[in-house]
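Chemist: This structure is in structure tokens; I'll ask about it shortly.
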Amino acid sequence: MRSGTALADYPYQMKHLTETLASITMLCPECLEEAPPLSGSSLILAWYVCPQCDHFWSARIRDGRPVAEIPIDTSRLTSH
Ligand SMILES: [Zn+2]
């Protein structure tokens, strides 16, 4: 953000939320690709779309970390 005039009134809380959300990427339950939360996500519930396979899912945020509504099979993480 070089010219700050357009964002001068951008509320701090929204900026903080955006930065926090940017840090809560999740691995896609289907293909384990890393996916960033969609805009519209909150610090209670975040939405994700996998950039690789378009899988869509939601996750609850607990203590600043996303917890998938659908359990992720982490055994696949070490299988390759
Ligand atoms: Zn995927």
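Chemist: When only residues in region 12-35 that are closer than 16 Å to Glu69 by Cα and surrounded by 15 or more Cβ atoms within 10 Å (Cβ to Cβ) count, which is farthest from the ligand (Cβ to nearest atom)?
Modeler: In this case the residue turns out to be Ile24.
Chemist: Considering every residue within region 57-68, establish whether at least one is of a type in the set (Gly, Ala, Ser) and modelled with pLDDT under 90.
Modeler: yes
Chemist: Follow-up. I need a count of the residues in region 20-47 that are acidic (Asp, Glu) and outside any loop (DSSP other than H, G, I, E, B).
Modeler: So the first thing to find is which residues in region 20-47 are acidic (Asp, Glu), and the list is 30, 33-34.
So of that shortlist, the ones also outside any loop (DSSP other than H, G, I, E, B) come out as 34.
Residues meeting the conditions: 1.
Chemist: What is the residue count in region 36-71 for residues that are within 13 Å of the ligand (Cβ to nearest atom) and in contact with a Leu (Cβ under 7 Å, 6 or more places away or on another chain)?
Modeler: Selection size over region 36-71: 2.
Chemist: Considering only region 44-57, state which residues are under 14 Å from Val67 (Cα atoms) and either free of Cβ contacts under 8 Å to residues at least 12 places away in the same chain or surrounded by 14 or more Cβ atoms within 10 Å (Cβ to Cβ) (or both).
Modeler: Of everything in region 44-57, those that are under 14 Å from Val67 (Cα atoms) and either free of Cβ contacts under 8 Å to residues at least 12 places away in the same chain or surrounded by 14 or more Cβ atoms within 10 Å (Cβ to Cβ) (or both) turn out to be Leu45, Ala46, Trp47, Tyr48, Trp57.
The values are calculated or read from the model by the stated rules, or taken from the named source; none is laboratory data. What you see is a predicted model, and the numbers here were worked out from it, not measured in a lab. Virtual Cβ from ideal backbone geometry, glycine too; neighbours counted across all protein chains shown.
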